[in-house]
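Asks: Here's a structure for you.
The values are calculated or read from the model by the stated rules, or taken from the named source; none is laboratory data. Remember, it's a predicted structure, so these values are computed and weren't measured experimentally. Heads up, the Cβs are rebuilt from the backbone with ideal geometry, glycines too, and the neighbour counts pull from every protein chain shown. For the accessible areas, the whole protein counts, side chains as well, though only heavy atoms, and no ligand, DNA or RNA atoms are used. Shrake-Rupley method; radii C 1.70, N 1.55, O 1.52, S 1.80 Å.
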4 protein chains.
Amino acid sequence: MIGGGPDAFIGAVHRTAAIMDGAMDLVCGAFSSSPDRSREMGNLLALSPERVYGSFTEMIEKEKALPDNMRMDAVSIVTPNHLHFKPAKMALEAGFHVVLDKPMTFDLTEAKSLKKAVEKNGLYFCLTHTYSGYPMIKEARQQVKNGKLGTIRKIFVTYPQGWLNTALEQTENKQASWRTDPSKSGKAGCMGDIGTHAFNLAEYISGLQVSKICADINIVVPGRQLDDDGAVLLRFEGGASGVLIASQVLAGEENDLTVKIYGETGGLEWKHSDPNTLLMKYPDKPAEIWRAGTGYLSAVAKHNTRTPSGHPEGFLEAFANHYRNFGLCVQARINGEKPKEEWLDFPGVEEGVRGMAFIDHVIASGKSETKWTDFAI
Amino acid sequence: MIGGGPDAFIGAVHRTAAIMDGAMDLVCGAFSSSPDRSREMGNLLALSPERVYGSFTEMIEKEKALPDNMRMDAVSIVTPNHLHFKPAKMALEAGFHVVLDKPMTFDLTEAKSLKKAVEKNGLYFCLTHTYSGYPMIKEARQQVKNGKLGTIRKIFVTYPQGWLNTALEQTENKQASWRTDPSKSGKAGCMGDIGTHAFNLAEYISGLQVSKICADINIVVPGRQLDDDGAVLLRFEGGASGVLIASQVLAGEENDLTVKIYGETGGLEWKHSDPNTLLMKYPDKPAEIWRAGTGYLSAVAKHNTRTPSGHPEGFLEAFANHYRNFGLCVQARINGEKPKEEWLDFPGVEEGVRGMAFIDHVIASGKSETKWTDFAI
Amino acid sequence: MIGGGPDAFIGAVHRTAAIMDGAMDLVCGAFSSSPDRSREMGNLLALSPERVYGSFTEMIEKEKALPDNMRMDAVSIVTPNHLHFKPAKMALEAGFHVVLDKPMTFDLTEAKSLKKAVEKNGLYFCLTHTYSGYPMIKEARQQVKNGKLGTIRKIFVTYPQGWLNTALEQTENKQASWRTDPSKSGKAGCMGDIGTHAFNLAEYISGLQVSKICADINIVVPGRQLDDDGAVLLRFEGGASGVLIASQVLAGEENDLTVKIYGETGGLEWKHSDPNTLLMKYPDKPAEIWRAGTGYLSAVAKHNTRTPSGHPEGFLEAFANHYRNFGLCVQARINGEKPKEEWLDFPGVEEGVRGMAFIDHVIASGKSETKWTDFAI
Amino acid sequence: MIGGGPDAFIGAVHRTAAIMDGAMDLVCGAFSSSPDRSREMGNLLALSPERVYGSFTEMIEKEKALPDNMRMDAVSIVTPNHLHFKPAKMALEAGFHVVLDKPMTFDLTEAKSLKKAVEKNGLYFCLTHTYSGYPMIKEARQQVKNGKLGTIRKIFVTYPQGWLNTALEQTENKQASWRTDPSKSGKAGCMGDIGTHAFNLAEYISGLQVSKICADINIVVPGRQLDDDGAVLLRFEGGASGVLIASQVLAGEENDLTVKIYGETGGLEWKHSDPNTLLMKYPDKPAEIWRAGTGYLSAVAKHNTRTPSGHPEGFLEAFANHYRNFGLCVQARINGEKPKEEWLDFPGVEEGVRGMAFIDHVIASGKSETKWTDFAI
């Protein structure tokens, strides 16, 4: 693992997700840019001191030098956005599979370069857009694929948060601090941090790509340099339209990412506050409550569940699904086997490039006086 | 009553709402442009045959000629949009108070003219934007007024319907037929029929007026002449922003008008599917479930409730609240008394003009290639 | 109307329910045991002074003496329990159809006597168990009838209230006062007031009759003479079992009467807090959300709805459904026509006798040291 | 680990829960009564072959013989009920801390004996009543402790399942098979399997002990030997009363364990289908929605959460909380430190004995013709 020191929320999530199913083990780390803090963290995690490194370059070099059966198989990178590209690229070039936190890079150029590195080296790459790891999101995608909704007409995705409704970055809060700092986050604040999740989910479930956008991007809390709120009108290839809303200043909201998709013959609805439920709606018969863990779900939804219906799984399990699928693919590679199709269903470098393009376009559209901005990569 | 023949959904709603509390009585009507059908309806409603008229002109003239204590006090007009202006203006000029279905007129010019007529004649005028009749909507408005949310930052209002997701107007459906016909509905379809409700609610609860809009207006079902779907980015005076979504092609949706408003110190949420609940959200303490019929509500919310908490009131009662308040004002006028402030809280001609301006602007913005359109009357 | 003076909650509900659909008119009343208060109320309701009476005996006698086309057709009795029997019996014997509030009488003997009077005189009799008036309760009954759940196994019905969680009857509260007074309420407090509703609903939906009970009946608030809380184990003819819970001391509860019924092949759930929804559950496929006002409902559910789906109807409309059906039957009788089957679907004298028997048995079982008490009339 | 072979649902849950937080490691196991299957499972879990044992006796003996820093610290026992006592007792006597699945033993005699063994050896013992591991259950208990509800009056706990609504045990289903077999499950089926969870939760949150019960215990599915359904009237020390419902034949139900507790001044409600929410209700102010992961919760609720509010945690995390707390205590013992009070908050041998007594009493009461059965140990 690269990054993920003591105060890092997402580092701990990655570690739990990685080990939860016993499919991966944490064997080494460069947890901080300060070698002392890195060692401290390694200690806390009970790693062998010789495999706790002072920097990611040291880690990648030394691990590469270890014998085949001793070195790490893959690396997780959980640093802030501006520290994604270099370690990811170096790891890929050294032959390690990579798990990387989203958004993929600091800017679109880096993203395209990383995409090339993945393709050139033929390695597995997982970008942890958590929400597509939920079984009922996978079921939603299946329902669309199977034509249950008919031709898609409308896609609404809303990501409401409230934790940045005051200038939290002016306190000691590290999470708020780097996310609102353009030198660490990149061009976008809210749109990069959570807008990309919403964007990814809309495209993942619908199977459609955004073709045009019209964005209203705001800085609501005074003194902030990056957007903390926005709404985006969407047009998709093939004619569907929609709305993406993402905000971090909605007082009292937690993290209730919501997706609603409607087609000619039905609609679906999923809410992060009730993640094991998928609501299917129809014009002429009762709506249906599809539930995780039941026998009537698609194979891919079942594969991404651990417990029987009625035993709620949550955020860590969704995250762990990406790790498990990634791990199964890596293991298959090691064993010289072909991975199953459902194992390959985790977000990768293509999604990463589109996410970075979303950031670029949404910020540009926010500044434009023209209504529609083409979404082209 | 003018309009409201056998097949009219909203005519029956008006009648039930008017009589529910025993405060008004239906005494005469011109229910159809066909005198025979009008008579038939009057018969069904057990009216005296001599007070069932063949046309609205006949009705207004003959009622005006009756002695003071025998003629009607007020008239309800429940015809399609293109037949609002003439009877309303004539009734006002004949000295009758008026209840009129929304949107107020066929176009903005008529709306402004009607406003003048109301002001000139000093009569009561009620525009039946049903949703502001709900007690928890009145409570929401009070909460904003009392500063419970602090300065308002974001206003989201969504009105999802699905009943026009096929070309229902090509069957015998009268409801669908006039609503999709530009010669009867006016410039807008969905935005006039339900968008105006959403617009009215956003302004009513927040106490803020829309100052700029950016609209994406769509005809989704092939062959239709008027919009059946749209999304609008909103800017309000004072800096708040928001999104209005209204659609009649969301397969499986019924009528779940939803409002969410957020300020510096809290947020509120109301859904038509659970109309007796108002959710109040805070950044640092548990959200609260405010309920109709309870002792802790504001006086205006209490005034607009009939039953104790836990005894659900619905659409007809919300509608009846407008009639009751209007009726109390008319009665006070007859008695030479001053109406209470809470009786005056029903939508009127000002809201009607703004609603017609919304239709004008939203259709113009939908066609514009410039992002923002100023909302000015 | 007999009873229903200025402070009476249920009197106002009856009046609104009776006139809502324009099918009935209030023409006369004996609103209070005090002739002055009766006159005052008649005045408020704008009745002709000569048809506001000082006592129910006066009213029944004088109305009977009026010519056919002038006298009332039916009488509503909305007095406290101990004043149900005499006016109801007298009205029936004078040839008037009767609407009576529940529970039917002061004790079981009176109930049986009233049943005889109804049968002897061949008149319509409606006992206002409100909840069976809801369209989705009628749909639930249809689903059971149609075998959708298979053989019924379990019936749970819960009626939670909180308004008597303090000794409200020691304040000036009239509602609390007569309900907790054995000389007015009869043997039971909570079990008579709301337990009978729950009991009626369980039998109405399931179509099964209770055959044995085991009751835990409590006085929770000190100083009270009648039960304010209880739970009852139920056995039904044919082998189903269940639980009935009714309490008026559950702090914070409003009126969320809930029914859950399970059979071999499915289950159903209805909650008064969301009365326009019926949840249908299955062992092997997604649960379904059945909604009032939709096209897929049974004819009887449709007949008991006024507005399209998504326009919530509530308590007053459910109440009004009983009045409308009763009124349609009375009108048919006057016209010499046969009432439709769906009009006859309102609670009557049979339900009233069973309700009074429930009170008797539940109080007896509460005092018994034997587990099961046979339910026999 | 003892038990937890390939088909065992609960074995996998224990393993995930144990390793999720990285606080425990699986080092050895006797996974099956068949040495071959045990080895196969050890292989799957990538354990050293020399620490995969053919029987629990072999495992305990051999591990005991290992040097201090090499042998296991604690053992998890996840076998069917009839195989709990012997390995647990042997492990305790060999000086190992024990985690044991519920219900604690095959009968009450074994339970009492195990309690003595725990006390004599001064070891940590955790009985995995999962539901008390949820943070909002811990918050609920705190609210009661802090007097937020006043004196407790009513306790309702309902555990509805539907998976045994057909004779699943007559197919190859291992889960159904041992649970319905009296030689493996003991005296009770449903009441042992899930009734004990409900009973534990009622006592855990309220802090009150059951003093009397009156049970209706049923075998609903023909051919079954043990109860699959039941309802129990409860009396608690100090005067509160309540109802416990547990059933495995409610078609369409998953696992929605629900608790509602009411006191003089408020009520609380928790549902397993929405486990991160605790509803607090009051007679005179709005109900509150308390949410996991927020800053306003008690220290003990915070300690049992991993992610910020709005990131749902579920069944595995609740389970893992018991393991984490147990592990922290074991680690403290190893380090010679005093465990924190919040670490000690996991169900233990006392709860186990009461659970076995519940089974005994509930089955006895079910057969009794007397209403109340004293609950005494």
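Asks: Does the stretch A:223-284 classify as rounded, prolate or oblate by the C-alpha gyration tensor (a ≥ b ≥ c root eigenvalues; a/c under 1.5 gives rounded; else a/b over b/c gives prolate, otherwise oblate)?
Replies: oblate
Asks: Defining the label point at 7 Å along Cα→Cβ, can you sort the distances from residue D:64 to the same site in each other copy, shortest first, in nm?
Replies: Once sorted, the set of distances for residue D:64 reads 5.3, 9.4, 10.8 nm.
Asks: Roughly how far apart, in whole Å, are the Cα centres of the stretch C:290-347 and the stretch D:59-75?
Replies: 74 Å
Asks: Can you pull the mean other chain C-beta count within 10 Å for peptide C:259-266?
Replies: Across the residues of C:259-266, the mean count of other-chain Cβ atoms within 10 Å is 4.
Asks: Normalised by the residues of chain C, what does the relative contact order come to in percent, with Cα pairs under 8 Å and at least six apart? Mind dumping the intermediate values first?
Replies: Working: 814 pairs, mean separation 74.0, N = 377.
Once divided by the residue count of chain C, the mean separation gives 20 percent.
Asks: At 7 angstrom along the Cα-to-beta-carbon line, where would the label on residue D:184 sit relative to the other copies? Give the distances in nm, shortest first.
Replies: 5.4, 6.1, 6.8
Asks: Just to be sure I understand the interface: list residues from the stretch A:346-376 that lose 50 Å² or more of accessible area between the chain on its own and the complete protein assembly, 1.4 Å probe.
Replies: At a threshold of 50 Å² (probe 1.4 Å), the residues of the stretch A:346-376 that become less exposed are A:371.
Asks: Are there residues in the stretch A:206-247 whose accessible area shrinks by at least 10 Å² when all protein chains are included rather than the chain by itself, and which are they (probe 1.4 Å, ligands and nucleic acids not counted)?
Replies: Those residues are A:214, A:215, A:216, A:218, A:220, A:229, A:231, A:233, A:235, A:241, A:243, A:245.
Asks: How large, in percent, is the carbon and sulfur part of the accessible surface of the stretch D:41-86 at a probe radius of 1.4 Å?
Replies: C and S atoms contribute 54 percent here.
Asks: Here's a follow-up. Total Å² of accessible surface buried at the A-D contact, 1.4 Å probe, nearest 100?
Replies: 2100 Å²
Asks: With angles folded into 0 to 90 degrees, how steeply does helix D:56-65 sit against the dominant principal axis of chain D? Use alpha carbons for both and round to 10.
Replies: 70 degrees
Asks: Let me ask something else. If you take the charge dipole of chain C about its Cα centre, with +1 on Lys and Arg Cβ and -1 on Asp and Glu Cβ, which of C:243, C:163, C:57 is farthest toward its positive end?
Replies: C:243
Asks: For chain D, find the longest principal axis of its Cα atoms and tell me its angle to the long axis of helix D:108-121, 0 to 90°, nearest 10.
Replies: Helix D:108-121 and the main axis of chain D meet at about 60 degrees.
Asks: If you average the alpha carbon positions of the stretch B:158-209 and of the stretch D:178-247, how far apart do those two centres end up, in angstrom?
Replies: Using only Cα atoms, the two centres lie 55 Å from each other.
Asks: Sticking with this one: Given a cut-off of under 8 Å on Cα pairs at least six residues apart, what relative contact order in percent is computed for the stretch D:55-169?
Replies: Working: 105 pairs, mean separation 21.5, N = 115.
Dividing the mean separation by the residue count of the stretch D:55-169 yields 19 percent.
Asks: I would also like to ask the following. Label the stretch C:1-51 by shape, choosing from rounded, prolate and oblate, from the square roots a ≥ b ≥ c of the eigenvalues of the Cα gyration tensor; if a/c is under 1.5 it is rounded, and otherwise prolate applies when a/b is larger than b/c, oblate when it is not.
Replies: oblate
Asks: Shifting gears a bit: Can you bin every Cα-Cα distance in the stretch C:244-327 into 10 Å intervals starting at zero and give me the percent of pairs per bin, rounded to whole numbers?
Replies: For the stretch C:244-327, the binned pair fractions read 15, 39, 33, 12, 0 percent.
Asks: Sticking with this one: Could you give the angle, 0 to 90 degrees to the nearest 10, between helix C:196-206's Cα long axis and the longest principal axis of the Cα atoms of chain C?
Replies: Once rounded, the angle reads 60 degrees.
Asks: Let me ask something else about it. For the stretch A:210-289, what is the accessible area per residue in Å², given a 1.4 Å probe and the full set of protein chains?
Replies: Solvent-accessible surface per residue comes out at 26 Å².
Asks: Name the chain A residue with the Cβ nearest the axis that maps A onto C: which is it, and what is the distance in angstrom?
Replies: Reported as residue, whole Å: A:288, 3.
Asks: So what is the relative contact order of the stretch D:205-362, in percent, for Cα pairs below 8 Å that sit 6 or more residues apart?
Replies: Contact order relative to length: 12 percent.
Asks: In peptide D:155-166, what is the residue-averaged number of other protein chain Cβ atoms found within 10 Å of each Cβ?
Replies: Across the residues of D:155-166, the mean count of other-chain Cβ atoms within 10 Å is 4.
Asks: Still on this structure: Simple spin-label model, 7 Å along Cα-to-Cβ: residue B:69 to residue A:25 in nm?
Replies: According to this spin-label approximation, the distance is 10.0 nm.
Asks: Given 10 Å bins starting at zero, what is the percent of C-alpha pairs of the stretch D:107-265 in each, up to the one with the largest pair distance?
Replies: Taking all Cα pairs of the stretch D:107-265, the binned fractions are 10, 34, 34, 19, 3, 0 percent.
Asks: Using the Cα gyration tensor of the stretch C:3-135, with a ≥ b ≥ c the square roots of its eigenvalues, what is the shape: rounded (a/c below 1.5), prolate (a/b larger than b/c) or oblate (neither)?
Replies: The shape class here is rounded.
Asks: If you count, for every residue in A:113-126, the Cβ atoms of partner chains within 10 Å of its Cβ, what is the mean? Don't skip to the end; give the middle numbers.
Replies: Details: counts 0, 0, 0, 0, 0, 0, 0, 0, 0, 0, 0, 0, 0, 0.
Average per residue, whole number: 0.
Asks: Sticking with this structure for a sec: Tally the DSSP beta bridges in chain D and give the antiparallel ones as a percent, rounded to 5. Don't jump to the answer; show the numbers that get you there.
Replies: Details: 35 of 52 bridges.
Given both bridge residues lie in chain D, the antiparallel proportion sits at roughly 65 percent.
Asks: What is the Cα coordinate range of the stretch A:133-225 on the first, second and third principal axes, sorted by size from largest, in whole angstrom?
Replies: 49, 29, 21
Asks: On average, how much area does the Cα convex hull of the protein assembly as shown cover when viewed from any direction, in nm²? Walk me through the numbers on the way to the answer.
Replies: Values: hull surface 215.0 nm².
Computed as one quarter of the Cα hull surface, the answer is 53.7 nm².
Asks: Counting only protein heavy atoms and a 1.4 Å probe, tell me what percentage of the stretch C:227-377's accessible area is made up of carbon and sulfur.
Replies: Values: 2310 of 4750 Å².
About 49 percent, which is the carbon plus sulfur part of the accessible surface.
Asks: Compute the FRET efficiency between residue A:58 and residue A:296 as 1/(1 + (r/R0)^6), taking r as their Cβ-Cβ distance and R0 = 41 Å, and round to the nearest 0.05.
Replies: 0.20
Asks: Of all accessible surface on the stretch A:89-164 at a 1.4 Å probe, what whole percent is carbon and sulfur?
Replies: Carbon and sulfur: 48 percent of the exposed surface of the stretch A:89-164.
Asks: I'd like the antiparallel share, as a percent to the nearest 5, of DSSP beta bridges with both residues in the protein assembly as shown.
Replies: On the way: 148 of 216 bridges.
Within the protein assembly as shown, antiparallel bridges account for around 70 percent of the total.
Asks: For the stretch A:29-179, with every protein chain kept in place, what is the accessible area per residue (1.4 Å probe, Å²)?
Replies: 42 Å²
Asks: Starting from a label point 7 Å past Cα on the Cβ side, list the distances from residue A:372 to the same position in the other copies, nm, shortest first.
Replies: Those separations, rounded to one decimal, come out as 2.2, 7.3, 7.6 nm.
Asks: If r is the Cβ-Cβ distance from residue B:211 to residue D:109 and R0 is 60 Å, what FRET efficiency results, to the nearest 0.05?
Replies: Efficiency computed from Cβ-Cβ geometry: 0.15.
Asks: Another question, if that's okay. If amide H atoms are built 1.01 Å from N in the plane of the peptide, which residues on other chains or at least 5 residues away come under 5 Å of the amide H of residue D:212?
Replies: D:235, D:375
Asks: Shifting gears a bit: What does the charge add up to near residue A:75, with Lys and Arg as +1, Asp and Glu as -1, over the other residues with Cβ less than 14 Å from its Cβ?
Replies: 0
Asks: Hey, got the dipole for the stretch B:78-165? About the Cα centre, +1 on K and R Cβ, -1 on D and E Cβ, debye to the nearest 20?
Replies: The dipole of the stretch B:78-165 has a size of about 420 debye.
Asks: Another question, if that's okay. Can you tell me the Rg and the Dmax, both Å, for the Cα atoms in chain A?
Replies: Taking only Cα atoms of chain A, I get Rg and Dmax of 20.5, 65 Å.
Asks: Return the residues of the stretch B:281-330 for which accessible area with all protein chains present is lower than in the chain on its own by 50 Å² or more; set the probe to 1.4 Å and exclude ligands, DNA and RNA.
Replies: Those residues are B:286, B:289, B:296, B:311, B:312, B:316.
Asks: If the only charges are +1 at each Lys and Arg Cβ and -1 at each Asp and Glu Cβ, what is the size of the charge dipole of chain D around the Cα centre, to the nearest 20 debye?
Replies: On the way: 41 positive and 46 negative charges, 150 e Å.
So the magnitude is around 720 debye.
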